[in-house]
Amino acid sequence: MSAPGQTVASLVEAARAAGIGRLDAQVLLGHVLGRSRAWLIAHDDEPVELAAAAEMARLLQQRARGVPVAYLVGEREFHGLMLKVRPDVLVPRPETEGLVDWVMELFDPAVPARVADLGTGSGAIALALRHRRPRMQVTAVDIDPAALAVARDNAVRLRLTLECLQGRWFAPLAGRRFECIVSNPPYVDADDPHLQALDSEPLLALTPGPDGLAALREIIQAAPGHLEPGAWLLLEHGRDQAHAVRQMLVERGFADIATRTDLAGLPRCTGGRWPALPLP
Ligand code: GLN
């Protein structure tokens, strides 16, 4: 049965009136109806069944409470891959795609480089690398078994080979070295008011505690024990942390240190190279 007078257009409009953006409203309605956004746009006048309208209303309520669209529809696109996401993992963000691009620039597709992604969450970085550089041997690490299960599911579904290891940062990588280590660790200060807006996402993935640099510091300290001579360490960080991260890399003995900005022009990733020869 159609909801009286409800159409694709009227439901998107009602969502807009409730303060939900047009894109979000279309993604949610597309999910409910099992249709693409392109279909919705071409079928403004299509009547919507009562049950679908009710389901849409339920999702809009959750969205209005701040639940990310990605959790409501169970997926999010990242670097050309559609990833399943659950509240166990951070929603992959477009700024993190810059980290993937950086690794891709550093390694020729023909080289079977070994890469570790620390704190992989949904597996976004690791899987995007496997997808774009099929010869790379990618190891994904996460301390949270529930997050690692999401990464594993994504790998199986996308038919991408990924080594998934559970543990804290380098703990499951004893005795192993890589040509590149990449990480988007938790870096928001625990008392940063910005965290409140992210309260549907796993706190473990967002903040390392009162000192937002704690996880970055831990990774930088331990990384040289797992890098081949000349290998790279690339890290995502907060917009105001580039200077501190550069400083920590310098102090640890890294060379060729560089910072890259995200799509908003904010310093977002910093990396360096473990020297091929020990520093004097
Ligand atoms: N970029 C995220 C945010 O502040 C934080 C992700 C993280 O801590 N790694 O929205």
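The values are calculated or read from the model by the stated rules, or taken from the named source; none is laboratory data. Note that the structure is predicted; figures quoted are calculated from it, not measured. All Cβ positions, even for glycine, are placed from backbone atoms using ideal geometry, and neighbour counts span all protein chains on display. In case anyone asks, the SASA skips ligands and DNA or RNA and just uses the protein heavy atoms, side chains included. Shrake-Rupley method; radii C 1.70, N 1.55, O 1.52, S 1.80 Å.
Can you bin segment 138-280 into rounded, prolate or oblate? Criterion: square roots of the alpha carbon gyration tensor eigenvalues sorted a ≥ b ≥ c, rounded for a/c under 1.5, prolate for a/b above b/c, oblate for the rest. Walk me through the intermediate numbers first.
Numbers: a/c = 1.74, a/b = 1.09, b/c = 1.60.
The shape class here is oblate.
By how many degrees, between 0 and 90 and to the nearest 10, does the Cα long axis of helix 145-158 differ from the longest principal axis of the chain?
80 degrees
Kindly express, to the nearest 10 degrees and within the range 0 to 90, the angle between helix 8-17's C-alpha long axis and the longest C-alpha principal axis of the chain.
70 degrees
Working from the pairwise distances between different alpha carbons, so that the mean of 1/r is found and then inverted, what is the chain's Kirkwood radius in Å? Display every interim value, and only then the final one.
Values: mean 1/r = 0.0495 Å⁻¹.
About 20.2 Å for the chain.
Report, to the nearest 10°, how far helix 97-106 tilts away from the longest principal axis of the Cα atoms in the chain, using its own Cα long axis and a range of 0 to 90°.
The angle comes out at about 40 degrees.
Does segment 89-201 classify as rounded, prolate or oblate by the C-alpha gyration tensor (a ≥ b ≥ c root eigenvalues; a/c under 1.5 gives rounded; else a/b over b/c gives prolate, otherwise oblate)?
Numbers: a/c = 1.66, a/b = 1.53, b/c = 1.09.
Here segment 89-201 falls in the prolate category.
In the Gaussian network model of the chain, springs joining C-alpha atoms below 10 Å, which of VAL48, VAL85, VAL138 carries the largest mean-square fluctuation?
Checking each option, the largest mean-square fluctuation is seen for VAL48.
Across the chain, where is the longest run that never hits trypsin sites (Lys or Arg not before Pro) in a DSSP loop with at most 14 other C-beta atoms within 10 Å? Mind showing how you got there, number by number?
Numbers: sites that count: ARG65, ARG135, ARG159, ARG168, ARG176, ARG239.
Within the chain, the longest run free of exposed trypsin sites (Lys or Arg not before Pro) spans 66-134.
Calculate, in whole percent, how much of the Cα-Cα pair population of segment 201-246 lies beyond 17 Å.
Working: 413 of 1035 pairs.
Distances greater than 17 Å cover 40 percent of the Cα pairs.
Counting only heavy atoms of the protein chains, get the accessible area per residue of segment 2-147 (1.4 Å probe) and round it to a whole Å² value.
Values: 6510 Å² over 146 residues.
Per-residue accessible area for segment 2-147 comes out at 45 Å².
Taking only C-alpha pairs under 8 Å that are 6+ residues apart, what is the relative contact order of the chain in percent? Before the final figure, lay out the partial values.
Working: 523 pairs, mean separation 36.6, N = 280.
Averaging sequence separation for qualifying contacts and normalising by length gives 13 percent for the chain.
In whole angstrom, and with the biggest value first, how far do the Cα coordinates of segment 16-164 range along each principal axis?
53, 32, 25
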